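See structure below.
The values are calculated or read from the model by the stated rules, or taken from the named source; none is laboratory data. All values reported here derive from a predicted model rather than from experimental measurement. Ideal geometry is used to build each Cβ from the backbone, glycine not excepted, and the neighbour counts take in all protein chains shown.
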Amino acid sequence: MGLISSLLGKSKTITLLAREVRINENPASGEDFMYIEGDQVGFVNWLLKLLGLKDPSVSFSISDRFITRVEGKKQYAIIPTSEIHNINAGFAKNKQLLIRAGVCALLGFAFLIMGVTARRGGAPLFGVFALCAVLTIVWIWLYGRSGGLNVSVSTFNGDGDTIIVKSGLTGYKLEKNDFEKTFHAVKNAASNNSKYFKK
């Protein structure tokens, strides 16, 4: 356990913009249950990558023997799959974006009614209606791409990793079935290999 602690420290959380997500609930021998690759989110990470001063890439994989995290293709952290004690997985979309879409749609409808009933000078009201319609479409599109998946794996003494993976505007688009497959893949990895999950 001391080796795991020295490699990982206590549980670490990393948020990624997904570039590649591969999930295999029942992999063949030598294949990963899960492989996630992406860049750490944040303006500073993006700027440092742009300037060539940092590689914000992170890959996270679970095989039948190891949980491996690689940061910037230079820093490796490994936990034996046999040490998994707790697993968690979840999925959510940003509901605030849907609320914004609803508010814009209501405002757009109100301006449309005002524009139709105005005796003159209705053109600016129709312009505001058009703007609200465009914003409504944008907010709905962003909501569709706002899926976030989190996977947390920890050992008996609390060491471990939490990976939060987001779709973002240009990343891999995460859906609810990705969460379901991820949960089953991590559960299978633990139940097949961890001494704490063995019957």
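Working carefully through the options 106, 53, 97, find the one that is aliphatic (A, V, I, L, M) and assigned to a loop (DSSP other than H, G, I, E, B).
53
Could you tell me whether any residue of region 105-118 is over 30 Å from residue 30 (Cβ atoms), outside the structural domain of residue 19 (by TED's automatic domain parsing) and in contact with a Ser or Thr (Cβ under 8 Å, 6 or more places away or on another chain)?
Taking every residue of region 105-118 in turn, at least one turns out to be over 30 Å from residue 30 (Cβ atoms), outside the structural domain of residue 19 (by TED's automatic domain parsing) and in contact with a Ser or Thr (Cβ under 8 Å, 6 or more places away or on another chain).
Of the conditions (1) surrounded by 15 or more Cβ atoms within 10 Å (Cβ to Cβ); (2) under 24 Å from residue 36 (Cβ atoms), residue 158 satisfies every one except a single condition; which number is it?
(1)
Name every residue in region 145-156 that is in contact (Cβ under 8 Å) with a residue 40 or more places away in the chain and not β-branched (Val, Ile, Thr), in order of residue number.
146, 147, 148, 149, 150, 152, 154, 156
Can you name every residue in region 157-185 that is in contact with a helix residue (DSSP H, G or I) (Cβ under 8 Å, 6 or more places away or on another chain) and either within 20 Å of residue 63 (Cβ to Cβ) or without any contact (Cβ under 8 Å) to a residue 24 or more places away in the chain (or both)?
Result: 159, 160, 161.
Go through (1) polar (S, T, N, Q); (2) surrounded by fewer than 18 Cβ atoms within 10 Å (Cβ to Cβ); (3) closer than 15 Å to residue 23 by Cβ and name the single condition residue 150 misses.
Status for residue 150: all satisfied but (2).
Using the structure shown, decide if residue 82 is in a helix (DSSP H, G or I), among the hydroxyl-bearing types (Ser, Thr, Tyr) and surrounded by 16 or more Cβ atoms within 10 Å (Cβ to Cβ).
Answer is yes for this residue.
Go through the residues of region 146-169 one by one and say whether even a single one is part of a helix (DSSP H, G or I) and in the same structural domain as residue 26 (by TED's automatic domain parsing).
Checked region 146-169: no residue is part of a helix (DSSP H, G or I) and in the same structural domain as residue 26 (by TED's automatic domain parsing).
Does region 59-70 include one or more residues that are assigned by TED's automatic domain parsing to the domain that holds residue 22 and farther than 22 Å from residue 149 by Cα?
There is at least one residue in region 59-70 that is assigned by TED's automatic domain parsing to the domain that holds residue 22 and farther than 22 Å from residue 149 by Cα.
If you go through region 76-84 one residue at a time, do you hit one that is hydrophobic (A, V, I, L, M, F, W, C) and more than 15 Å from residue 153 (Cα to Cα)?
Scanning region 76-84 turns up no residue that is hydrophobic (A, V, I, L, M, F, W, C) and more than 15 Å from residue 153 (Cα to Cα).
Could you list, in sequence order, the residues of region 55-70 that are among the basic types (Lys, Arg) and surrounded by fewer than 20 Cβ atoms within 10 Å (Cβ to Cβ)?
Restricting attention to region 55-70, the residues satisfying the condition of being among the basic types (Lys, Arg) are 65, 69.
Scanning region 55-70 gives a single hit, 65.
Can you go through 81, 68 and tell me which one is in contact with a Phe, Trp or Tyr (Cβ under 8 Å, 6 or more places away or on another chain) and in contact (Cβ under 8 Å) with a residue 60 or more places away in the chain?
Working: 68 fails: in contact (Cβ under 8 Å) with a residue 60 or more places away in the chain.
Matching residue, one of 81, 68: 81.
Out of the residues in region 56-74 that are within 17 Å of residue 182 (Cβ to Cβ) and not in a strand (DSSP E or B), state the one that is modelled with the lowest pLDDT.
64
Only one of these conditions is not met by residue 74: (1) in contact with a Gly (Cβ under 8 Å, 6 or more places away or on another chain); (2) loosely packed, with under 14 Cβ neighbours inside 10 Å. Which number is it?
(1)
Could you grab the pairs with beta carbons closer than 8 Å, sequence gap of 6+ or different chains, first residue in region 111-139 and under 21 Å from residue 97 (Cβ atoms), second one aromatic (Phe, Trp, Tyr) and modelled with pLDDT of 95 or more?
Pairs that qualify, where the first residue is under 21 Å from residue 97 (Cβ atoms) and the partner is aromatic (Phe, Trp, Tyr) and modelled with pLDDT of 95 or more: there are none.
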